[in-house]
Amino acid sequence: MDDITLAQNNTVIDNNLNEDGDFLDPFFLQDEAATLAAGATFSQCAVAGTVAFLHGDLGAGKTTFTRGFLQGLGFVGKVKSPTYTLVEPYELNDLTVYHFDLYRFIDEEEWEVAGFREYFNDSSICLIEWPEKAGYLLPEPDIHVHIMHDGLQRKIQFLANTIQGEQCLAALMTLQNNLANDKNQTA
């Protein structure tokens with residue numbers, strides 16, 4: 001993970017957390033590897049109980065970001081989009097990561113019958129694509145992750161919604177700055 005550098009206009013993120021600590025300025029993801037790296041870096045800051053809403057158009061990179069997130073936690077298997085199953089669980093030591101894709105979600109009863117509400121607990125992390133499809137059924141997120149097309153590259157922005165989310169963003173900044181300092185010392 002030492003090679004991971006998230007960049008804004010090709011410079012390492014520095015002091016991009018706003019004064020209230022609730023969002024990072026958007027930065028560019030130049031390719032799939034950068035999207036995977038962003039997910040892996042974020043995984044080091046999210047703690048059990050974290051709920052993150054992943055926003056973006058079709059093909060923006062939400063599942064790629066999730067794959068990076070899971071790889072950052074040590075998962076080595078295939079990460080597939082849960083478009084048809086609605087959720088894919090990933091067991092990692094004492095933590096379960098639930099990757100939801102609610103693009104095809106249409107029935108509130110399905111949510112209740114499937115027991116999805118129980119997945120949101122203190123021993124899991126929930127990453128939800130297309131959260132607007134489930135509306136009020138979802139708990140409030142700690143973090144909103146927005147991934148947007150910007151020409152041939154993508155842009156990502158993290159927004160905190162809770163104190164836990166603000167702590168996650170602060171940890172993300174610290175981790176990123178430490179990675180940048182380590183890279184500068186070895187250069």
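Report yes if some residue within segment 149-156 is surrounded by fewer than 12 Cβ atoms within 10 Å (Cβ to Cβ), under 17 Å from residue 27 (Cβ atoms), of a type in the set (A, V, I, L, M) and at pLDDT below 95; otherwise report no.
Within segment 149-156, one or more residues are surrounded by fewer than 12 Cβ atoms within 10 Å (Cβ to Cβ), under 17 Å from residue 27 (Cβ atoms), of a type in the set (A, V, I, L, M) and at pLDDT below 95.
Could you tell me how many of the residues in segment 62-80 are in contact with a His (Cβ under 9 Å, 6 or more places away or on another chain) and in contact (Cβ under 8 Å) with a residue 60 or more places away in the chain?
Here the count works out to 3.
Which one of these does residue 101 not meet: (1) in contact with a Leu (Cβ under 6 Å, 6 or more places away or on another chain); (2) surrounded by 20 or more Cβ atoms within 10 Å (Cβ to Cβ)?
Single failed check for residue 101: (1).
Picking from 28, 53, 75, which residue would you name as being surrounded by 16 or more Cβ atoms within 10 Å (Cβ to Cβ), at pLDDT 90 or above and over 18 Å from residue 168 (Cβ atoms)? Explain how you work it out, then say what you get.
On the way: 28 fails: at pLDDT 90 or above; 53 fails: over 18 Å from residue 168 (Cβ atoms).
Step by step, each of 28, 53, 75 is checked, and only 75 is surrounded by 16 or more Cβ atoms within 10 Å (Cβ to Cβ), at pLDDT 90 or above and over 18 Å from residue 168 (Cβ atoms).
Given (1) hydroxyl-bearing (Ser, Thr, Tyr); (2) farther than 14 Å from residue 53 by Cα; (3) at pLDDT 85 or above; (4) surrounded by 12 or more Cβ atoms within 10 Å (Cβ to Cβ), identify the lone condition not met by residue 123.
(4)
The values are calculated or read from the model by the stated rules, or taken from the named source; none is laboratory data. Quick caveat, the model's predicted, so the values are computed rather than measured. We place every Cβ from the backbone using ideal geometry, glycine too, and count neighbours over all the protein chains shown.
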